[in-house]
1. Residue under question is VAL108, and the condition is that it be out of contact with any Gly (no Cβ under 9 Å at 6 or more places or on another chain), within 26 Å of PHE31 (Cα to Cα) and surrounded by fewer than 13 Cβ atoms within 10 Å (Cβ to Cβ); does it hold?
2. Tally up the residues in the range 1-47 that are more than 26 Å from GLN141 (Cα to Cα) and touching a Phe, Trp or Tyr at 6+ places or on another chain (Cβ under 7 Å), please.
3. Can you tell me how many residues in the range 1-25 are assigned to a helix (DSSP H, G or I) and at pLDDT 95 or above?
4. Only one of (1) outside any helix (DSSP H, G or I); (2) touching a Lys or Arg at 6+ places or on another chain (Cβ under 8 Å) fails for VAL46. Which number is that?
5. Which number in (1) out of contact with any helix residue (DSSP H, G or I) (no Cβ under 8 Å at 6 or more places or on another chain); (2) more than 28 Å from LEU41 (Cα to Cα) marks the one condition that LEU69 misses?
6. Could we say that VAL78 is more than 17 Å from ASN10 (Cα to Cα) and surrounded by 11 or more Cβ atoms within 10 Å (Cβ to Cβ) here?
7. Please enumerate the residues belonging to the range 54-75 that are of a type in the set (Ser, Thr, Tyr), within 14 Å of the chain's Cα centre (by Cα) and surrounded by fewer than 16 Cβ atoms within 10 Å (Cβ to Cβ).
8. Identify the residue in the range 12-53 that is hydrophobic (A, V, I, L, M, F, W, C) and loosely packed, with under 11 Cβ neighbours inside 10 Å and, among all such residues, is farthest from the chain's Cα centre (by Cα).
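The values are calculated or read from the model by the stated rules, or taken from the named source; none is laboratory data. Please read all numbers here as calculations on a predicted model, not as lab measurements. Cβ atoms come from the backbone with ideal geometry, glycine included; neighbour counts cover every protein chain shown.
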Amino acid sequence: MYLHLLSQINLVAVLISAIVYFMIGSLWYSFLVRDAWVAELKEHDVTIKQHAKEVLRTKMLLTFCANVLASIAMALLVIMAGSTTVYSGFCLGLLCVLGFAATTLGTVFIWEHRSCRLFLLDIGYPAIGLIVAAIILSIWQ
């Protein structure tokens with residue numbers, strides 16, 4: 001199908017975009033929106049357990065692996081769309097956020113009766129991460 005596109009992926013750019021994506025998530029949930037996010041979770045009777053270091057390491061590793069997969073998928077979309085500028089990368093990233101991430105997470109939130117505020121707090125990380133990844137991958141081919 002499109003397997004020939006895999007050879008066109010800049011693996012260094014994918015790794016860098018995955019690292020940046022991961023760092024955005026770390027900053028997002030530990031510094032930027034932590035207090036508002038935790039307060040909103042409490043409103044919905046959701047508790048985040050304090051895990052042992054090994055469990056936390058595993059979760060962080062799995063999150064990074066998810067960021068790598070998202071960056072690989074975005075790299076393929078960048079190649080297929082012919083995106084080579086900051087603007088086209090931004091537009092492609094925004095399209096992915098609105099067309100995939102927000103709609104998928106939004107559907108979950110609808111069925112779980114979660115608040116719009118919690119939705120915005122949760123979608124912010126992948127929104128910024130996907131847009132930044134698309135920009136990095138667009139300009140660094």
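1. Yes; evaluated as a whole, the condition is true for this residue.
2. Within the range 1-47, residues that are more than 26 Å from GLN141 (Cα to Cα) and touching a Phe, Trp or Tyr at 6+ places or on another chain (Cβ under 7 Å) number 3.
3. The number of residues fulfilling the criteria is 15.
4. VAL46 satisfies all of (1) outside any helix (DSSP H, G or I); (2) touching a Lys or Arg at 6+ places or on another chain (Cβ under 8 Å) except (2).
5. (2)
6. So VAL78 fails the test.
7. THR63
8. Checking each candidate, the answer is ALA52.
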